[in-house]
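One structure is given below, encoded as structure tokens.
The values are calculated or read from the model by the stated rules, or taken from the named source; none is laboratory data. As the structure is a prediction and not an experimental result, all values here were calculated from the model. Note that each Cβ is placed from the backbone with ideal geometry, even for glycine, and that neighbours are counted across all protein chains shown. Heavy atoms of the whole protein, side chains included, go into the accessibility calculation; ligands, DNA and RNA do not. Shrake-Rupley method; radii C 1.70, N 1.55, O 1.52, S 1.80 Å.
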Amino acid sequence: MLKNYLRVALRNLIRDKVHSFINIAGLAIGMAIALLIGLWIRDELTYDRTNPHYDHLARLMQNESSSGRTATSRSLPYPLVQELRTTYGNAFKRVVTSWFTLDHTLRANDKKLTQKGKFMDPGAADLLGLHLLQGKGTALEDRSSVLLSVSAARALFGDADAMGRTLQIDGKMTVAVRGVYADLPENSLFNDVQFIAPFDLFMASEGWMQEFRTDWGYDMVEIYVELGDNVDPRSLSARLKNSTLIHMNDNPAAAGYHPQVFVQPMSRWHLYSEFRNGVNTGGAIQYVWLFGTIGFFVLLLACINFMNLSTARSERRAKEVGIRKAIGSLRGQLIAQFYSESMLMAFVAFLLSLGLAGLALPWFNGVADKHLVLAWGSGWFWATGLGFCVCTGLLAGSYPALYLSSFRPVAVLKGGFKAGRQAVLPRRALVTLQFTVSILLMISTLVVFRQLEFARNRPAGYDRERLLTAPITVGELSGKADALRQELLHTRLVEEAALSSSPTTQVWESFTGFQWPGKDPTLQDDLATVSVSHEYGSTIGWKIKEGRDFSREFATDSTGIIVNEAAVAYMGLQHPIGTPVKWDDKTYRIIGVIKNMIVGSPYEQPGQTVYFLNHDFNHNWLFIKLKPTVSMAAALPVVRNAFQQILPSAAFDYRMVDEQYGRKFSTEQRVGTLAAFFAGFALFISALGIFGMASFMAEQRRKEIGVRRVLGATVFSVWGLLSKEFVGLVGLSLVIGGPVGYFAMHRWLEGYVYHVGIPWWVFVVTGVGVMGITLVTVSWQSVRAAVASPVRALRSE
């Protein structure tokens, strides 16, 4: 019986090649898009799951409330580590201190490279689930040891055995390789960690950290924990809530400062990473839901095409159903027949979708910033794919099977069957749904790109053009800062060079305890602080609003500070220039006010920031401004040589500041590009269905058209006759999709402090675009039917 079903299904596919092609092509495209989105969602949902301690691993975080605002941070005071091990020891199997994942210079013999790494307590290798190819994780108990990833070991030592080899970190820490671990997966928070060294080694090498070992008011470390069995993170968070605050009650500078510690399980690190005013507002999970919904609807559009074309051909298959029922076929057998046809189409479409997905995957990976692959040799891949194929076949074939099998044989064989409102209304509803989804995707795409352009066009507050930056460490730079600047200027290719404790795209330090005239005694201040060299402002091109920039001509600038507009407003200063500001038992004076720079998120308000001149901070970043007439390709080798003349132990790992700035928009850029991609194919699938429907309607009404033509109807009137139904359905889709799209995107935009509005022309462009595509699609069949010879249509009458 099944063999007979498949034979009949195959004959029907071959007999009606145009509609079969439309159905299979639409299903294949929809399934390919759903397959790509499915791979992306699986990658997101399996983030960090390769860690064997996934269900028990967590990190401590802290909500820091002051002056009515709450910021969430992974930075915690170092003394908390010991308290966790002693006071709350029964709640943890392991507590691991960590320094943040940053760039460091690794040097082995004559090879130098910049790699991201972490300094962590012993036990880190087991906590992170490292797969040690050589050595043991316990090697971190030795302060002079380091664990390297395979890629870092190969980059430093080539094919030679790295074990036991000596290397230097940042030109001041000498260690021996005691272990080599497999590179961590791409979908891991630690995938960019290329080495792990002992945290005690870092503490010993950084003298400035010693004064904060017992300071509960300075947040300086990350803390990772492995929870004990049956320990609930929420209950533990309630216990730990005030573990920092209780040690700060005697600190006058901390008055009004209310830190609250909580536990964040590993399962929420990636998907729920965003916090706003102390509340977890989501993260990557919102894009999982977004793209999952898009994938479902794009596939649904393809299934709607199948349903519409199958039910539209009902008159053609009505006699077949009537005869089969008359000779004894049961309705269940007819349903099985139509399901077999849909399953065959779905299977063919699935095979075609694999090819389409394979072709699109490199582009998709580039846009999504992933390394997804089609797991051809995986059982789960084929099982999921075939299950997906069956579900699609059932979804696409359900309505045609139930509708066609319900025909009454007497009415059909008497010639009294007509596909009336019972068949037409569902088709119209499905077409309306198709275009409503397409309209929503188009509106979303336009709004996302408008928001992206709005953020990009916001004044950054400094000049990113021809500006290079390179990470650098104090150990390499000690006593050589001025010599480095002079050597770079002597190349005649560099306009200016300067140093800073933070990149232009982030602020790494913020402090409390500032005092100034007129300060509200209830205000718990919190100002971002950046240490810079004299030429920092002229190098990055910040904009002076009041006062002046730092200058080597004024010895008093050692106690001068420059603040941004946000800091002036935060401090409530009417005339900021000359205002004394006391901090850390030292009095400074404001010598300049700069316009706000976009340092953090371009969608948020700039934070209040204070710039100091060489205030005992680590100058971690070198900035180099090239002359406007200089070719980048010609300048870089010369600049590199000048850099290494002064700092031979350091790696010149430069970055373009405009590229770093551009990464702030990467998420919205990916969302916009993918939304445009999906919207385009949603419209294509909808147009494909409209083409099939118009083809069928033109064929169904060819005798009517022939009569009208004989009676003098023009081509334009016939075109209007066949087009008006689709125009009406598109108009209804706009009425439904427009308001829904407005409210959905309005709510999305509310997540940004700085955002665009949704202008009327977005809906006009969407409406004109969708209507234009519909008319072009319908016109092909309409005009073709209108210009056909009426004699051929009426010769049998």
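Please work out which residue is modelled with the lowest pLDDT, limiting yourself to the range 488-506 and to residues that are in a loop (DSSP other than H, G, I, E, B) and open to solvent by less than 70 Å² (accessible area, probe 1.4 Å). Result: T505. Just give me the residues in the range 351-367 being touching a residue at least 12 places away in the same chain (Cβ under 8 Å) and either open to solvent by 10 Å² or more (accessible area, probe 1.4 Å) or closer than 17 Å to L27 by Cβ (or both), in sequence order. Result: L352, S353, L354, L356, A357, G358, A360, L361, V367.
D482 falls short on exactly one of the conditions (1) closer than 30 Å to H575 by Cα; (2) of a type outside the set (S, T, Y); (3) without any contact (Cβ under 8 Å) to a residue 40 or more places away in the chain, and that condition is (1). Is it the case that R485 is crowded, with 16+ Cβ neighbours inside 10 Å, of a type in the set (K, R) and not in a helix (DSSP H, G or I)? Taking the combined requirement at face value, the residue does not satisfy it. The single residue among P77, P52 that is of a type outside the set (S, T, N, Q), open to solvent by less than 30 Å² (accessible area, probe 1.4 Å) and more than 24 Å from the chain's Cα centre (by Cα) turns out to be P77. The lone criterion from (1) surrounded by fewer than 19 Cβ atoms within 10 Å (Cβ to Cβ); (2) more than 26 Å from G217 (Cα to Cα) left unmet by T87 is number (2).
Consider the range 361-395 and keep the residues that are in a helix (DSSP H, G or I) and among the polar types (S, T, N, Q). The one that is farthest from D192 (Cα to Cα) is T392. Here Y536 meets each of (1) at pLDDT 90 or above; (2) on the phi > 0 side of the Ramachandran plot with one exception, condition (2). Apart from one condition, E509 fits all of (1) closer than 27 Å to Y654 by Cβ; (2) in contact with a Gly (Cβ under 8 Å, 6 or more places away or on another chain); (3) at pLDDT below 90; (4) among the charged types (D, E, K, R); the exception is (2).
Criterion applied to V768, V762, V756, V730 was being exposed (fewer than 13 other Cβ atoms within 10 Å of the Cβ) and of a type in the set (V, I, T), and the one residue passing it is V768.
Among the residues that make up the range 514-537, is at least one of them closer than 15 Å to R589 by Cα and assigned to a helix (DSSP H, G or I)? No: the range 514-537 contains no residue that is closer than 15 Å to R589 by Cα and assigned to a helix (DSSP H, G or I).
Summed over the range 470-482, residues that are surrounded by fewer than 16 Cβ atoms within 10 Å (Cβ to Cβ), within 20 Å of T105 (Cα to Cα) and of a type in the set (D, E, K, R) total 1. Taken together, the criteria place S695 among residues that are assigned to a helix (DSSP H, G or I), of a type in the set (S, T, N, Q) and at pLDDT below 80. The strands (runs of 3 or more DSSP E) found wholly in the range 563-674 and carrying at least 2 residues that are over 30 Å from F291 (Cβ atoms) and hydroxyl-bearing (S, T, Y) occupy 586-594, 609-613. For first residues located in the range 537-566 and closer than 13 Å to F612 by Cβ and small (G, A, S), partners that are open to solvent by 70 Å² or more (accessible area, probe 1.4 Å) and part of a strand (DSSP E or B) and lie 6+ apart or on another chain with Cβ distances below 9 Å form the pairs G560/R589. For the range 122-169, filtering for residues that are polar (S, T, N, Q) and more than 23 Å from A204 (Cα to Cα) leaves 3. Within the range 108-137, the set of residues being part of a strand (DSSP E or B) and more than 28 Å from N187 (Cα to Cα) comprises A108, K111. None of V348, V373 is closer than 16 Å to L27 by Cα, open to solvent by 30 Å² or more (accessible area, probe 1.4 Å), of a type in the set (V, I, T) and at pLDDT 80 or above except V348. Residues of the range 115-142 that are over 22 Å from I223 (Cβ atoms) and polar (S, T, N, Q): Q115, Q134.
Exactly one residue among R640, R663, R670 is open to solvent by 50 Å² or more (accessible area, probe 1.4 Å), charged (D, E, K, R) and touching a Phe, Trp or Tyr at 6+ places or on another chain (Cβ under 8 Å), and that residue is R640. Is at least one residue of the range 544-551 surrounded by 21 or more Cβ atoms within 10 Å (Cβ to Cβ) and among the aliphatic types (A, V, I, L, M)? No, there is no match, as no residue in the range 544-551 is surrounded by 21 or more Cβ atoms within 10 Å (Cβ to Cβ) and among the aliphatic types (A, V, I, L, M).
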